[in-house]
1. Just need a number here: residues in region 144-173 that are assigned to a strand (DSSP E or B) and loosely packed, with under 14 Cβ neighbours inside 10 Å.
2. Any idea how many residues of region 215-244 are touching a strand residue (DSSP E or B) at 6+ places or on another chain (Cβ under 6 Å) and surrounded by fewer than 19 Cβ atoms within 10 Å (Cβ to Cβ)?
3. Only one of (1) modelled with pLDDT of 95 or more; (2) surrounded by 16 or more Cβ atoms within 10 Å (Cβ to Cβ); (3) not aliphatic (A, V, I, L, M) fails for Arg253. Which number is that?
4. Going through region 64-80 one residue at a time, which ones are over 17 Å from Met153 (Cα atoms) and among the β-branched types (Val, Ile, Thr)?
5. Hey, could you check region 330-355 for residues that are loosely packed, with under 13 Cβ neighbours inside 10 Å and of a type in the set (Gly, Ala, Ser) and say which is nearest to Gln276 (Cα to Cα)?
6. What residue, among those in region 215-228 that are in a loop (DSSP other than H, G, I, E, B) and not hydrophobic (A, V, I, L, M, F, W, C), is modelled with the lowest pLDDT?
7. Within region 362-375, work out how many residues are at pLDDT below 70 and farther than 19 Å from Leu349 by Cβ.
8. For region 124-142, enumerate the residues that are more than 20 Å from the chain's Cα centre (by Cα), within 19 Å of Leu215 (Cβ to Cβ) and not aliphatic (A, V, I, L, M).
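The values are calculated or read from the model by the stated rules, or taken from the named source; none is laboratory data. All values reported here derive from a predicted model rather than from experimental measurement. We place every Cβ from the backbone using ideal geometry, glycine too, and count neighbours over all the protein chains shown.
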Amino acid sequence: MPLLACCTSYQFVDPRDSRSTKHTNCLWLYGSVHRVAFTLAFLLLTTPPIEILVTPQRISVVIPCYNGARFLEQALTSVREQTRPVDEVIVVDDGSTDDSADIARRAGVRCLSLEENVGPGASRNRGIAACSGEIIAFLDADDYWMPAHIGDMTALLELFPQSSVAFSRILRFGDDDRVSPEQLPEGPPINIFWRLIEENIVAQSSAVVRREALLRVGGYNTSFRFSEDYDLWLRLARRYLFVCTNGVTAGYRVHPSQASRNLTDMLHGRWQVKHQFWLDARANDSPAFVKQLEAQMLIAWEDGLRSAWWDRNDVQLRAALEVHVLVPGSAKTYRRWMRRLRYAWKPWLGLADVWEQLSPPVRRVLRPALDYRFGSSGARAPLPDYLPPPYDEVN
């Protein structure tokens, strides 16, 4: 505005006058402004819009298979029927003695045949190494996906680029059909590390992971034959955010031949994972984090004992007590629970039978006393609201 005002009040003077230079500059600026404005308007009106093309990330699917010929075709069919197509499918035949490899090749997917059985973790690592996609989806050979699985999971990663793992709820089918409970609120991404210390809430066949994050944490730990996926989720959650949907997008088969069906082996494998994570943290992480980790591991272990006690599940209770050597700082708690098992288990079973005969009003009166003596059923201590960054990221 001052420039225009100056120009409109211009008075011509003799060019030989020293003041003429100032007025000449004013006219030149005035004309330049108009020329620039005209040029910009012309370009805006005549230049076609520029389309910014965003190349979608490639999606790779890894399917480890050991003697899974009976179920592999269903798994591959569910991959083909995805509403968002994948870019490559890699079946890792883990030393199978059936025709799993032939089924994979007939389906037109890439098959990596291993000469000997190396286990699910090692075979998934072979698949990861062979992948070309930026996003990797895992599917066990005896599981399957609903048609929208890949579309839903990749949409979460695209919507929340700060997240590295997306997962969903699952339908357990086979011996019994039931949907896994809601574990977390849907988006935005959160850190689920402390929740994972309580229990594994991420089903392998529901998870989609950024390849960069997988490589950063070193993939699967091949020393674990049970709960190798749980170990991976813990190491990923220590560094990265997870995002989930409460939709059901994957089917998880329950059948007698599955390793996780053996409760004792499953529980022991889970605590071996936590124990190894604790050992690694003691060697590589901050003392403050290790102290909090030990506290949460002890809380999680006793929650499992309390749950078995209230469910009157003798097998689960004894299996949980057996893993006490893997729980740091558990000696005192272990002795207390062994005394409870030795002296109070039979009376507790008898009391439970009487409890079933009591009226609801009487139960409400007695329940606080039982909760005080044995701990509340299903009650969990609040989780820490802070997870310090890994030690190697701040030092």
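1. 0
2. The qualifying residues number 1.
3. Looking at each condition in turn, Arg253 falls short on (1).
4. Thr77
5. Taking the candidates together, the pick is Ala331.
6. So, considering only residues that are in a loop (DSSP other than H, G, I, E, B) and not hydrophobic (A, V, I, L, M, F, W, C), the one modelled with the lowest pLDDT is Arg225.
7. Adding up the residues that qualify gives 1.
8. Passing the criteria: Arg126, Ser132.
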